[in-house]
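The values are calculated or read from the model by the stated rules, or taken from the named source; none is laboratory data. Small disclaimer: the values here were computed from a predicted structure and weren't measured. Don't worry about glycine lacking a Cβ; one is built from the backbone with ideal geometry, like all the others, and counts go over all protein chains shown. Ligands, DNA and RNA are stripped out before the accessible areas are found, and what is left, the full protein with its side chains, is counted by its heavy atoms. Shrake-Rupley method; radii C 1.70, N 1.55, O 1.52, S 1.80 Å.
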Amino acid sequence: MNPRFDMTRRAALRTSAAIAASVVAPWSAFAAETPRKGGVFTVHYGAEQRQLNPSLQASTGVYIIGGKIQESLLDLDAHGKTVGVLAESWESTPDGKTVTFHLRKGVNWHDGKPFTSADVAFTAMKMWKPILNYSSTLQQFLTGVDTPDAHTAVFHYDRPMPLGLLLRALPDLGYVSAKHIYEQGDIRTNPANFAPVGTGPFKFVEYQRGQYIIAERNPNYWRGGGMPYLDRIVWRVVTDRSAAAARMEAGEILYSPFSGLTLSDTARLAKDKRFVVTTKGNEGNARTNTLEFNFRRKELADIRVRQAIAHAINVPFFIDNFLGAFAKAGTGPIPSVSTDFYPTDQGPQYPYDKARAIQLLDAAGFKAGAGGTRFTLKLFPAPWGEDISLFSTFIQQSLGDVGIKVDIVRTDGGGYLKQVYADHVFDLATGWHQYRNDPAVSTTVWYRSGQPAGAPWTNQWGWTDPVIDRIIDNAATELDPAKRKALYGDFERRANTELPLWHPIEQIFQTVITAKARNASNNPRWGSSTWHDLWLEA
């Protein structure tokens, strides 16, 4: 065991076991309670992304705020099935080239103007297709959206769009923005990106950078029935995870999403009857840890170096000593939880083998120099979770053992996204990939070339592979489910062979939330959804 790490194996496993013991199906006993109106729900917001509009940036860090203010065409119900939000019904032609959405009537934007099909058409063609990360690949064959009336939007594709794929994607990639807010000027710099106008249950009030964001109850919300029940949501920006846990214990924060606290604090709060610790409500956001390579560095453009880096990192040791019960070794971009698409043959794997790593580096011509160093790399860890920070240190020490010096560059959320995905000043980056039920939603965009410059969590590596591009395009337009699955098997094997990025670990998020919350974690993407029915016990 490496003595340089602070957390011992025994302590880590105790932490993991404590969290695992607390993972329950919470709140089921409260289903018959009468909702209480009023109250303020305070949320831990750990990393600002300098963007609040989910039509422009697909991310749980955006949905956690924007998803309460703006709404998508569709969402998921408690069983993971598609349900209408701004769309009431939909159908596709047999050839898959035309998909029609029938929109909800009587919905208004927060400024009082009516929501119509013109808003959907504008968002699809001006935001989803050219700008929105993930969606630029999903909608690459979208040619236009007709609006025969104010409540019908007809999507036209020049290659088939599998309806099942589109329905899986739109809960995350179907948020609608108001045409009248965005049709003038540069969409990317519109002030509404930081003060969104939506149709959702909560209306934006104020954003104080580095401090808080406030949204209040929309009194004219279309669902009726007294919803939403809450008076206000306040997202408190707290970048220090231990400080966030202390504020939860003090009653100043009621909810920390997406594994936002340290493992030890999560385990401690799991024993406190004032809180519920659970993985429920995160099923739609399975995640893998990533290691991303910048091909602009000649060393990393050599596949032998990428393979060596993977072989140099003892992933099982890291999982056993730091993550425990909620993690396991990853096998590729499609995680094992994907029952519809996980292939039986994942292609090449890269088990820990220090000798093999050294051999590959020598063969690539990067011999150890004075002091044993071969070359130096800059590693940018995403500031989303404790596991990423720990893993970056583990990578640094592991690669140092084979002669690669690693300098870790830590920054805030917005800085990380800009420096990695726009400025490309990284050599290595490590963060999370979130899998959203179908590889074409948020996975293949990490590999497909031609992504919009600067789009977060897409292929910004300086790497192009015509073979994988062709596989991705064919799979995304294949209507036969069995053939689609086979194509994604080809994708997985090609991705693991070329290794433009590596998915060494699979995990599931943990939620820490007040035990007074009702209707919490009641769908597979609850942290991202609207919270229209959330209420607090007195």
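For the pair residue 212 and residue 354, how long in nm is the line joining their label points, each one 7 Å along Cα→Cβ?
Label-label distance for residue 212 and residue 354, simple model: 5.1 nm.
Would you mind getting me the FRET efficiency between residue 37 and residue 156? Use the beta-carbon distance for r and R0 = 35 Å, nearest 0.05. Could you put the intermediate results ahead of the total?
Details: r = 44 Å, r/R0 = 1.26.
Given R0 = 35 Å and the Cβ-Cβ separation, E is 0.20.
Measuring from label point to label point, each 7 Å out along Cα→Cβ, what is the residue 83 to residue 249 span in nm?
Rounded to a tenth, the inter-label distance reads 3.7 nm.
What are the extents of the Cα atoms of segment 245-312 along their three principal axes, listed from largest to smallest and rounded to whole Å?
So the extents along the principal axes, rounded to whole Å, are 53, 25, 20.
Between 0 and 90 degrees, rounded to the nearest ten: what's the tilt of helix 9-22 against the longest Cα principal axis of the chain?
Tilt of helix 9-22: around 20 degrees.
Mind jotting down a quarter of the surface of the convex hull over the alpha carbons of segment 226-280, in square nanometres, one decimal?
Working: hull surface 18.7 nm².
The Cα convex hull of segment 226-280, projected and averaged over all directions, gives 4.7 nm².
Just checking my list (i) 266; (ii) 140; (iii) 215 against volume of the Cα convex hull per residue in Å³ computed from this structure; which label fits?
(ii)
How far, in nm, would the chain grow between residue 194 and residue 467 when pulled straight, counting 0.36 nm per residue and subtracting the alpha carbon separation?
Stretched fully, the residue 194-residue 467 segment lengthens by 94.3 nm.
Given a 1.4 Å probe and heavy atoms of the protein chains only, how would you sort 50, 470, largest accessible area at the top? Spell out each step's value before the answer.
On the way: 50 100, 470 135 Å².
Ranking 50, 470 by accessible area, largest first, yields 470, 50.
Please find the FRET efficiency linking residue 295 to residue 537, where r is the Cβ-Cβ separation and R0 is fixed at 51 Å, and quote it to the nearest 0.05. Let's see the in-between values first.
Values: r = 53 Å, r/R0 = 1.04.
Approximately 0.45, to the nearest 0.05.
Ordered by packing density, taken as the mean number of other Cβ atoms within 10 Å over each peptide's residues, highest first, how do 395-408, 355-368 rank? Intermediate values should be presented prior to the final figure.
Details: 395-408: 18.4, 355-368: 16.6.
By packing density, highest mean first, the sequence is 395-408, 355-368.
Tell me the label-point distance for the pair residue 111, residue 422, using the 7 Å Cα-to-Cβ offset, in nm and rounded to one decimal.
Those two pseudo-labels are separated by 2.4 nm.
Taking 0.36 nm per residue of sequence separation and subtracting the Cα-Cα distance, how much length would be gained by fully extending the chain between residue 362 and residue 397, in nm to one decimal? All intermediate terms of the calculation are to be shown ahead of the outcome.
Details: separation 35, 0.36 × 35 = 12.60 nm, distance 1.92 nm.
Here the segment from residue 362 to residue 397 would lengthen by 10.7 nm.
Once you have all Cα-Cα distances for segment 313-355, histogram them in 10 Å bins from zero and send the whole-percent values.
It works out to 25, 44, 29, 2, in whole percents.
Would you mind putting 34-40, 185-191, 528-534, 482-488 in packing order, based on average other-beta-carbon counts within 10 Å, highest first? Working shown, then result.
On the way: 34-40: 13.4, 185-191: 11.9, 528-534: 25.3, 482-488: 17.7.
The packing order, highest mean first, is 528-534, 482-488, 34-40, 185-191.
Set the Förster radius R0 to 25 Å, insert the Cβ-Cβ distance between residue 486 and residue 508 as r into 1/(1 + (r/R0)^6), and round the FRET efficiency to 0.05. Before the final figure, lay out each step's value.
Numbers: r = 27 Å, r/R0 = 1.08.
Efficiency computed from Cβ-Cβ geometry: 0.40.
Can you grab the distance from the C-alpha centre of segment 157-208 to the C-alpha centre of segment 387-459, Å, no decimals?
25
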